[in-house]
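Below: one structure, written as structure tokens.
The values are calculated or read from the model by the stated rules, or taken from the named source; none is laboratory data. Everything quoted here is computed from the prediction, not taken from an experiment. All Cβ positions, glycine included, derive from the backbone under ideal geometry; neighbour counts span all protein chains shown.
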């Protein structure tokens with residue numbers, strides 16, 4: 001018989017999970033096993049999630065006509081509520097020329113969840129970090145099963161070559 005290995009000698013192995021992955025859960029009361037999607041576990045646990053998303057200059061330059069998806073639609077019966085956003089402009093050599101502001105909003109929503117002032121941020125001629133923008137959703141800013149995106153409010157920037165790091169905290173709400 002092989003020597004027993006104490007629990008303290010085991011190594012934790014993890015793999016990345018997609019929100020659509022199914023994890024088997026055993027219910028000891030019923031004796032049944034059922035599958036839960038990762039997104040259901042996140043929602044059930046209060047599911048506060050954080051991410052860092054780096055946007056390329058090409059994405060920023062076309063963000064009015066092609067909004068950048070930051071968090072994919074979570075599926076029917078779920079919605080994304082942004083809790084906070086911080087952002088960093090990684091200035092390269094040329095400032096963006098923009099009209100209007102940058103918006104973090106849900107696809108199809110009438111109002112945004114966060115407004116970023118382009119005058120103070122995207123069009124800046126130096127690297128800068130701005131943090132702590134809290135979402136104050138209006139009654140039309142959160143939509144079921146819709147992407148959370150970054151977009152310009154008026155038009156695409158006409159010049160610029162920097163990147164932007166977005167640091168987002170959000171929850172997936174079960175409707």
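Summary of computed values
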| read-out | value |
| --- | --- |
| Output for region 77-117, where each listed residue is part of a strand (DSSP E or B), over 17 Å from residue 130 (Cα atoms), out of contact with any helix residue (DSSP H, G or I) (no Cβ under 8 Å at 6 or more places or on another chain) and at pLDDT 90 or above | 79, 80, 105, 106 |
| Leading residue by the ranking (surrounded by the most Cβ atoms within 10 Å (Cβ to Cβ)) among those in region 80-118 that are free of Cβ contacts under 8 Å to residues at least 40 places away in the same chain and more than 14 Å from residue 149 (Cα to Cα) | 118 |
| So residue 173, is it surrounded by 15 or more Cβ atoms within 10 Å (Cβ to Cβ), modelled with pLDDT under 90, closer than 17 Å to residue 49 by Cβ and in contact with a helix residue (DSSP H, G or I) (Cβ under 8 Å, 6 or more places away or on another chain) | yes |
| Matching entry among 67, 6, 74 (being touching a helix residue (DSSP H, G or I) at 6+ places or on another chain (Cβ under 9 Å) and at pLDDT 60 or above) | 74 |
| Qualifying residue in region 135-144 (condition: under 20 Å from residue 47 (Cβ atoms) and part of a strand (DSSP E or B)) | no |
| Qualifying residue in region 47-54 (condition: over 30 Å from residue 130 (Cα atoms) and modelled with pLDDT of 65 or more) | no |
| Failed condition for residue 60, given (1) more than 15 Å from the chain's Cα centre (by Cα); (2) touching a residue at least 24 places away in the same chain (Cβ under 8 Å); (3) in a loop (DSSP other than H, G, I, E, B) | (3) |
